[in-house]
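Contents: one structure, followed by commentary.
The values are calculated or read from the model by the stated rules, or taken from the named source; none is laboratory data. All values reported here derive from a predicted model rather than from experimental measurement. Using ideal geometry, Cβ is built from the backbone for each residue, glycine included, and neighbour counts are taken over all protein chains shown.
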Amino acid sequence: MRHPVRAYLIAAVVIASCRGSAPILQRDNLVHVYGKGPASIRLDARVHHLDEERSMLYFKLNTADLLYKADGGGPFKARARVTYGSFANWESRELLDSASTLVQDASSTPTEERELIGSIPMNRNSGASFVVKVVARDLHRDNESAVLIRVDGRDAMARQHFMPIDPANGLPLFSDHQPAGAPIALRNEALAGATLRASRYPMPQSMPTPVFSAEARERNDPAPDSSFRVTLDPNGRLDLPAMKAGIYHFAMDSLASGIAPGYTLFLLDKAFPWVDHGEDLLKPLRFITSMQEFERFSKEADTRKAVERFWIDASGDRERAREAIRIYYGRAENANRHFSALTEGWRTDRGLVHIIFGTPSTIYRSDRGETWTYGEENNIMSLTFNFVRRKSAFTDNDLWLERDATLKGAWYRNVESWRNGRVYQN
């Protein structure tokens with residue numbers, strides 16, 4: 001059983017800000033953003049708009065990732081620097097603004113795992129959209145991680161005017177995808193006292209088709225199955241009771257057709273983002289099994305044992321099976337953290353590619369989407385996957401793969417490798 005990690009709000013003082021030149025975002029290899037490379041710092045960040053001109057950048061670090069040093073028998077201390085830089089768009093070369101803060105933490109028990117949450121004030125122009133790159137560096141270990149955020153500053157109904165928070169302590173939650181079945185709260189200072197319509201939408205259960213499939217696929221935002229009204233308190237806080245899984249969209253009442261602009265909260269299985277229950281272990285297995293195999297496993301009384309038996313039979317022994325399970329479902333959990341959109345991240349096109357092929361050698365991002373390359377760039381033997389951003393009223397993280405018939409051979413080689421218990425990393 002995973003135990004919750006305690007979170008603490010830290011006092012982080014902004015120590016520098018500047019304007020000037022910066023590395024080009026367009027050709028930055030962003031593979032480290034999805035957990036590959038020497039970086040070992042877990043960094044979460046989100047932007048919350050306070051009003052038309054002021055925003056707050058919240059960040060979260062985990063003490064288990066920081067190096068604590070003791071000076072002369074005193075408490076163990078960690079030092080990290082968190083920096084942000086803002087750019088007009090993904091292709092921009094010009095740094096619009098930046099600031100950094102020094103994070104210092106002391107502990108008599110450095111092995112205790114805690115979450116450190118801090119914030120940096122941001123200035124912005126009302127209505128202007130831009131891109132923020134957030135970097136956290138451990139000053140004792142000299143390694144770093146980065147997060148990229150697209151900032152939309154339209155009006156009080158823009159997504160980033162809302163922020164999910166822990167109702168027990170008011171601390172920010174860093175994902176709009178949360179486990180169902182527990183109370184949650186939202187903040188929107190610009191809509192203090194306002195009444196909104198909350199609409200619930202069923203979560204799509206479809207699976208992505210193989211990377212070479214010519215099957216026509218079109219996914220539109222689902223239709224609501226229920227709605228109710230909610231009112232924010234005078235401080236702009238909305239406390240929500242435990243609700244069942246689904247997509248919850250909060251917006252002003254509107255007579256216009258279509259889905260009104262607003263904020264979307266995704267409530268998923270209680271274990272999310274972990275994949276460790278029997279049924280959760282079975283579902284991603286559909287990528288490498290036939291329909292007949294999958295249905296047979298689904299009918300087993302003990303789904304977990306059926307899944308374990310598949311991996312042992314595929315690998316030949318328990319030790320190899322254990323390693324294959326660790327990597328396969330580790331990729332599924334990583335997909336949940338990075339690629340979740342209308343569904344869990346492992347169900348998305350990026351999740352599919354990440355699980356079967358691993359983390360690519362390079363990732364480039366633009367306003368249009370992302371390009372993943374396995375192998376050297378411009379090498380005819382390398383594999384390239386192009387993902388295009390789909391317009392959605394609920395999320396800007398829904399990217400679709402441009403499927404390519406030439407990827408068929410690579411797909412079946414990788415699937416066959418998994419079915420033989422061999423971990424495949426292109």
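Listed by first and then second residue, the pairs linking a residue in region 61-79 that is under 22 Å from Leu171 (Cα atoms) to a residue that is part of a loop (DSSP other than H, G, I, E, B) and basic (Lys, Arg), with Cβ atoms under 6 Å apart and 6 or more places separating them unless they lie on different chains, are Asn62/Arg42; Asp65/Arg42.
The C-beta contact set for region 295-323 (first residue within 16 Å of Arg419 (Cα to Cα), second residue of a type in the set (Ser, Thr, Tyr), distance under 6 angstrom, 6+ apart or interchain) comprises Ala321/Ser315.
In region 246-294, the residue that is nearest to Ile184 (Cα to Cα) out of those that are small (Gly, Ala, Ser) and surrounded by 17 or more Cβ atoms within 10 Å (Cβ to Cβ) is Gly246. The strands (runs of 3 or more DSSP E) falling completely within region 185-292 that include 1 or more residues that are aromatic (Phe, Trp, Tyr) and under 20 Å from the mean Cα position of the chain (by Cα) map to 246-251, 262-268. Checked against (1) over 28 Å from Glu333 (Cβ atoms); (2) surrounded by 15 or more Cβ atoms within 10 Å (Cβ to Cβ); (3) at pLDDT 80 or above; (4) not basic (Lys, Arg), Glu53 meets all criteria but (2). Checked against the criterion of being in a loop (DSSP other than H, G, I, E, B) and under 21 Å from Arg337 (Cα atoms), region 154-166 contains one or more residues that satisfy it. Every condition in (1) closer than 26 Å to Arg368 by Cα; (2) surrounded by fewer than 20 Cβ atoms within 10 Å (Cβ to Cβ) holds for Val131 except the one numbered (2).
Looking across region 165-218, just one residue is under 30 Å from Arg413 (Cα atoms), of a type in the set (A, V, I, L, M) and surrounded by 18 or more Cβ atoms within 10 Å (Cβ to Cβ), and that is Val211.
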